[in-house]
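First the structure, in the form of structure tokens, and then the observations on it.
The values are calculated or read from the model by the stated rules, or taken from the named source; none is laboratory data. Keep in mind it's a predicted model, so treat the numbers as computed, not measured. Quick reminder, even Gly has a Cβ in these numbers, built from the backbone with ideal geometry, and neighbours come from all protein chains shown. Remember, those area values only see protein heavy atoms, side chains included, never the ligands or the DNA or RNA. Shrake-Rupley method; radii C 1.70, N 1.55, O 1.52, S 1.80 Å.
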Amino acid sequence: MLPPSMQTPLFGKRVLVGVGGSIAAYRACDVVRRLRELGAIVRVAPTRAAAAFVTPMTFEALSGMTCLGGVLDVAHGRIPHVEEAHASDLVLVCAATADLMAKMAHGLADEALLATLLAFPGPVVVAPAMESHMWSHAATQANVATLRSRGVHLVGPVEGVLASGRSGAGRMAPVDDLVEAAAWAVCDKDLAGTQLVITAGPTVEDLDPVRFLSNRSSGRMGLALAVQAARRGAQVSLVHGPLRIAVPAVPGLTPIAVRSAAEMHEETTKRAARSDAAILCAAVADARPRTLAKTKLKKSKGELTRVELVPTRDILADLGAARKKKKAKRPVLVGFAAETGEVLAYARGKLAHKGCDLICANDVGEAGSGFDVDTNRMLLVWPTEERWLPHASKDEVAWHILDEVKALVARTTRRR
Ligand code: CTP
């Protein structure tokens, strides 16, 4: 069982939420609530202007901690902003106004939040919120560049309706994106410098304008791999078929939406060439209609029962063959096998036939392992060994698989 800190990276982490004087300050309340739900210890540092929008009492009730007060609130010989800087794992400034970012960029410290930031050596995430002209102003953009150059991670702003009622860039990023950026920021970056291409979800093969062939894959396993890998610092291209779940905004994770097996083949193959590893988790359709009908096929004319199917190209097998032809070790190739019985035998067959380094196999007929569930029981199969992973959440399974991918990539690096 993974420690809770790895299942939910914010578990037990101390997060200082800085809030600026923007109408978006009310959304910081949701951020505080969500961070606490994920097990973080949260303290809020509102600026004096923020307190005009949301009272400190609200933040104290939501965080369960007193707010960080004024910069001169030194009592009993203790200096709160210095103590807070030492105790925090992350500072998340949400509803960062133009004024607050200008002060951060210039090292001013006339607020407890700003003084804490000067004393804090750890990761800082900033979510700007302001009118679009204030955001695009050269002064603000220069301050943004300064903050970025110092390693501050900016989330948003996004386009949308602003406090003035007009629309434009300047709206604070969604709460989900801020929470995901916080999770990313506190994770160890043990996969930094690693390029991955991951496939996920089903593919869809159209028969006519209204019908298609597809399968039951939800894409959850591939998504868990992509999110965990990006949190661990990898640069991830996620080539995915139509998904029912949203792809979260994680720094380093680039989603590439495709529909058919042919599109997935093209997008995956061109990215695999520059990747350290390709993890092919998608349930790719094995067959497609020979032709795509321009108009609806008619049952009454018997057209539906005459649909001729042709095989799709096997992405994994093609990558394996291309690597073998070049006598190369890269990219490391990881495949998946969703079976209904004889899991080891089929997995061994696929490992050899598709020329990959590792097959992750499961029995989709087994309770709690397969489609539309959040857990999996996975058998890892290498050319000369195999090992069952414990029945666990897809996040935890993804974590273990990524450890194995990391080891395989390290081995190919040593061999080069
Ligand atoms: N795969 C692929 N391209 C395909 C079919 C499969 O890249 N056209 C990959 C899958 O992403 C997975 C692995 O091959 O990593 C095994 O897929 P699976 O569907 O289990 O195997 P198949 O080759 O389709 O064999 P079978 O239907 O006989 O189980």
Quiz item: Out of the stretch 322-331, which residues are free of Cβ contacts under 8 Å to residues at least 60 places away in the same chain and more than 16 Å from the ligand (Cβ to nearest atom)?
Solution: Lys325, Lys326, Lys327, Ala328
Quiz prompt | Single residue of Asp374, Asp357, Asp403, Asp363 found to be more than 10 Å from the ligand (Cβ to nearest atom), in contact (Cβ under 8 Å) with a residue 60 or more places away in the chain and assigned by TED's automatic domain parsing to the domain that holds Pro202 | solution = Asp374
Self-check item: Residue check, Pro157 at pLDDT 95 or above and open to solvent by 20 Å² or more (accessible area, probe 1.4 Å)
Solution: yes
Quiz item: Does at least one position in the stretch 27-40 carry a residue that is of a type in the set (Gly, Ala, Ser), under 23 Å from Ala119 (Cα atoms) and over 30 Å from the mean Cα position of the chain (by Cα)?
Solution: no
Practice problem: Determine which single condition Ala338 fails, assuming it passes every other condition in (1) within 10 Å of the ligand (Cβ to nearest atom); (2) at pLDDT 95 or above; (3) of a type outside the set (Val, Ile, Thr); (4) open to solvent by 40 Å² or more (accessible area, probe 1.4 Å). | Solution: (2)
Quiz prompt | Flag if Leu319 is under 23 Å from Thr194 (Cα atoms), part of a strand (DSSP E or B) and either touching a residue at least 24 places away in the same chain (Cβ under 8 Å) or open to solvent by 60 Å² or more (accessible area, probe 1.4 Å) (or both) | solution = no
Practice problem: Please identify the pairs in which a residue from the stretch 298-313 that is away from the ligand (no atom under 16 Å from the Cβ) has its Cβ atom under 9 Å from the Cβ atom of a residue that is part of a helix (DSSP H, G or I) and basic (Lys, Arg), counting only partners at least 6 apart or on another chain. | Solution: Thr305/Lys299
Practice problem: Name, by its number, the condition in (1) part of a strand (DSSP E or B); (2) at positive phi that does not hold for Gly193. | Solution: (1)
Practice problem: Mind telling me which of the residues Val204, Val197 ends up being buried (at least 19 other Cβ atoms within 10 Å of the Cβ) and at pLDDT 95 or above? | Solution: Val197
Quiz item: Which residues, counting only those in the stretch 268-286, are more than 9 Å from the ligand (Cβ to nearest atom), more than 15 Å from Gly222 (Cβ to Cβ) and open to solvent by 30 Å² or more (accessible area, probe 1.4 Å)?
Solution: Thr269, Lys270, Ala273, Arg274
Exercise. Output the residue which, of all residues in the stretch 361-416 that are surrounded by fewer than 20 Cβ atoms within 10 Å (Cβ to Cβ) and aromatic (Phe, Trp, Tyr), is farthest from Gly193 (Cα to Cα).
Key: Phe371
